[in-house]
1. Return the total of residues in segment 77-117 being of a type in the set (Phe, Trp, Tyr) and free of Cβ contacts under 8 Å to residues at least 12 places away in the same chain.
2. Where residues in segment 132-147 are open to solvent by less than 30 Å² (accessible area, probe 1.4 Å) and at pLDDT 85 or above, which of them is farthest from Val90 (Cα to Cα)?
3. For Leu129, only one of the following conditions fails: (1) modelled with pLDDT under 85; (2) part of a helix (DSSP H, G or I). What is its number?
4. Residues in segment 94-126 that are in a loop (DSSP other than H, G, I, E, B), within 25 Å of Phe17 (Cβ to Cβ) and open to solvent by less than 40 Å² (accessible area, probe 1.4 Å): how many?
5. From the set of residues in segment 4-63 that are assigned to a loop (DSSP other than H, G, I, E, B) and hydroxyl-bearing (Ser, Thr, Tyr), which is nearest to Ser95 (Cα to Cα)?
Amino acid sequence: MKPDSRQLDLELIEDLFECHDVELIKQVPLSVNLESDSWFWNKDPTGFFTIKSAYSHLQSVNGSWNSSMEEDVWKMLWKIKAPPKILHFVWKALSGCLPTRTQFHSKHVPVDLHCVFCNFTEESIFHVLVQCSFAHSCWLRSALGVWHSVATNFFD
């Protein structure tokens, strides 16, 4: 918005966003008052964002997730004798933060969802690290061997 007015800065919006998004932004109704906005985190009574309040919120919305189970998993992970970059990779995979095509798509990045290795199914963390035929062949060649899992996500 333009400062001290009730109008969008269309020139700035058109520079920053794609045409489709510009049209969506234009459809957002604007407030009738000129009071200044402020940030407010509605997951904490004080209105301030803290990591603790975000963590508490994530725990509360994760329904089937037992926080003591999660704590045990993280404790076990960080005790593993492995290079830090391996632990970081596993942490990102378990947290659902690896940049797969599914993750990109969920962030509105226009990508083909098919796995680049098998071109058969959607490239999710679980698929690329466990289900994919390429991943399976890598596991066969590793010292860890291969197991058959009934899990449906990487954390399980």
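The values are calculated or read from the model by the stated rules, or taken from the named source; none is laboratory data. Small disclaimer: the values here were computed from a predicted structure and weren't measured. Using ideal geometry, Cβ is built from the backbone for each residue, glycine included, and neighbour counts are taken over all protein chains shown. What goes into the accessible areas is simple: the full protein's heavy atoms, side chains included, and nothing from ligands, DNA or RNA. Shrake-Rupley method; radii C 1.70, N 1.55, O 1.52, S 1.80 Å.
1. We begin by selecting, within segment 77-117, every residue of a type in the set (Phe, Trp, Tyr); these are 78, 89, 91, 104, 117.
Applying the additional criterion that residues be free of Cβ contacts under 8 Å to residues at least 12 places away in the same chain yields 78, 89, 104.
Number of matching residues: 3.
2. First, the residues of segment 132-147 that are open to solvent by less than 30 Å² (accessible area, probe 1.4 Å): 132, 135, 145.
Retained after the next criterion (residues that are at pLDDT 85 or above): 132, 135.
On the way: Cys132: 18, Ala135: 15 Å.
This residue is Cys132.
3. Here Leu129 meets the rest and fails (1).
4. Qualifying residue count, segment 94-126: 1.
5. Let us first name the residues in segment 4-63 that are assigned to a loop (DSSP other than H, G, I, E, B), namely 4-9, 17-18, 27-50, 62-63.
After this cut, where a residue has to be hydroxyl-bearing (Ser, Thr, Tyr) as well, the list is 5, 31, 36, 38, 46, 50.
Numbers: Ser5: 42, Ser31: 38, Ser36: 37, Ser38: 31, Thr46: 28, Thr50: 19 Å.
Ranking the candidates gives Thr50 first.
Results for (1) among the charged types (D, E, K, R); (2) at pLDDT below 90; (3) in contact with a helix residue (DSSP H, G or I) (Cβ under 7 Å, 6 or more places away or on another chain), shown as yes or no for each residue.
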| residue | (1), (2), (3) |
| --- | --- |
| Trp74 | no, yes, no |
| Trp91 | no, yes, yes |
| Cys97 | no, yes, no |
| Thr100 | no, no, yes |
| Lys107 | yes, yes, no |
| Pro110 | no, no, no |
| Cys115 | no, no, yes |
